[in-house]
Amino acid sequence: MVAGIGVDIVDVQDLRRRMARSPGLEERVFDPSESAWCRGMAEPWQHFAARFAAKEAVMKALGTGWAGGVAFRDIVVVRDGDGPPTVALHGEAGRRVEAAGGRVTISLSHAGGMAIAFAVFETVEVPA
């Protein structure tokens, strides 16, 4: 059953400016594997923005937002070959999904200077 959905949109240049102003932001938000993947792309900022949007969309789908104990680095966007992106969940995000016997699926896109992400949290059990 669908327990939650989340969507987020990020302005690519706005995120780029925020990351330039706050050098530690990248390390606080992105796993080293995400940073390496994005920086290896021809247009890294649109990929950073899509991953930032994915993290926010997952938090919304889980119903936690920032206040529910889920950290940005608990949510890692993973690319495995040519397949679609998936998420690896750690910490509080991982505990919530595991406790519900669920999974989170994401979809990412970027165009026209914007990046968007959609997340679906599905469970076997009815959420508490």
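Every read-out reported here was derived from the displayed coordinates using simple, explicitly stated rules and does not represent laboratory data. Here the structure is a predicted model, which means the values were calculated and not measured. Cβ: placed from backbone, ideal geometry, glycine included. Neighbour counts: every protein chain shown.
Observations on the model:
- Assigned charges on the beta-carbon of Lys, Arg, Asp, Glu; the stretch 1-56 dipole about Cα centre (debye): 160 debye
- Dipole magnitude of the chain, debye to nearest 20 (Cβ charges: Lys/Arg +1, Asp/Glu -1, about Cα centre): 320 debye
- With 5 Å bins beginning at zero, the pair-distance distribution over Cα atoms of the stretch 2-122 amounts to 2, 12, 23, 26, 20, 11, 5, 1 %.
- Fluctuation leader among V70, V78, V104 - the chain, Gaussian network, Cα springs under 10 angstrom: V78
- Percent of C-alpha pairs per 10 Å bin in the stretch 55-128, short distances first: 19, 52, 25, 4.
- Highest-MSF residue in the chain out of D82, D31, D14 [GNM, Cα springs under 10 Å]: D82
- The chymotrypsin sites (Phe, Trp or Tyr not before Pro) found in the stretch 13-72 that occupy coil by DSSP, while having at most 16 further C-beta atoms within 10 Å, are W66.
- The chain - mean residue ellipticity at 222 nm from DSSP helices (-39,500 (n - 2.57) per run, n ≥ 4, rounded to 500): -12000 deg cm²/dmol
- The gain in end-to-end length when the D82 to R17 segment is fully stretched comes to 20.4 nm, 0.36 nm per residue minus the alpha carbon separation.
- Cα centroid of the stretch 39-62 to Cα centroid of the stretch 86-101, whole Å: 18 Å
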